[in-house]
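Nothing in this text is a laboratory measurement; each read-out follows from the coordinates by a stated rule. Every value quoted in this text rests on a predicted model; they were computed, and no experiment measured them. Cβ atoms come from the backbone with ideal geometry, glycine included; neighbour counts cover every protein chain shown.
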Amino acid sequence: MVKINHNESSSYQAQMNRKKMAERNPEETSQKSENKKKAVQDKMDQQKTVDKVTYDKPKHVRDEKAIEKLWEQSQAAHQQLKDIVRQLLERQGVSTEQLDNMEGLKIDETARAELEEMLGPEGELGIEQVSDRIVDFAIAVSGGDISKAEILRDAIIKGFNAAEEALGGLPDISQKTYDRVMEKFDDWVNGTEKTNE
């Protein structure tokens, strides 16, 4: 005698009942089967849309054109300053070999006027121009990503500290430029910066 487990018997019984019902009403059974297939397919379609993963392009991209423009402006201002010093030295008959002993060097009126113009409010090395370039460069390098603000601020502070250490202190114009850089940087971070147009 074969011993049948109750669960196996129930399962067998359920299969037999389904088979008999299918034989009696084949249309109803096929309709239920189609509905079940459709429900499974709908569920799969929903999962596909929910599970779909996409990659968005980064929102913050370095502005290479702005970086290049700022670099060129900085180089032009630097070259202009070098030219003023070179011309000053030439007017006083000083050669590059004599630069080690610069005790007798005097700044003449032409050089003084050119330097005052460069360092003035509208000059390339004035507080506004330099602070604009520093902040614009930081924004361009970060791609405008404010989440990098503290890293950028630290880099700016380190740059000014390194210059101060190398020069044994910073002149008043550099201190004012630093203050203006920090103001403009805070304005950018807080979304209150003024655009230069």
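Please give the net charge around Met118, taking every other residue with its beta carbon less than 12 angstrom from that of Met118, where Lys and Arg add +1 and Asp and Glu add -1. Kindly include the intermediate steps, with their values, before the conclusion.
Values: positive: Lys82, Arg112; negative: Asp83, Glu114, Glu116, Glu117, Glu122, Glu124.
Neighbourhood net charge equals -4.
What is the fewest-to-most order of Thr177, Thr110 by other Cβ atoms lying within 10 Å of their Cβ? Show your work: numbers first, answer last.
On the way: Thr177 21, Thr110 12.
Least to most surrounded, the residues fall as Thr110, Thr177.
So, counting K/R as plus one and D/E as minus one, what does the shell of residues with Cβ under 12 Å around Ser74 add up to?
Working: positive: Lys69, Arg133; negative: Glu68, Glu72, Glu124, Asp132, Asp136.
Value of the local net charge: -3.
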Cα-Cα over 30 Å, subset of Lys65/Lys176; Lys106/Lys184; Lys69/Lys158; Lys69/Lys148: Lys106/Lys184
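Which net charge results for the neighbourhood of Lys65, defined as the other residues with beta-carbon distances under 13 angstrom from its beta-carbon, given Lys and Arg at +1 and Asp and Glu at -1? Don't skip to the answer; put the middle values down first.
Working: positive: Arg62, Lys69; negative: Asp63, Glu64, Glu68, Glu72, Asp136.
Neighbourhood net charge equals -3.
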Cut-off is 10 Å between beta-carbons; in what order do Leu119, Leu152 appear when sorted fewest neighbours first? Leu119, Leu152
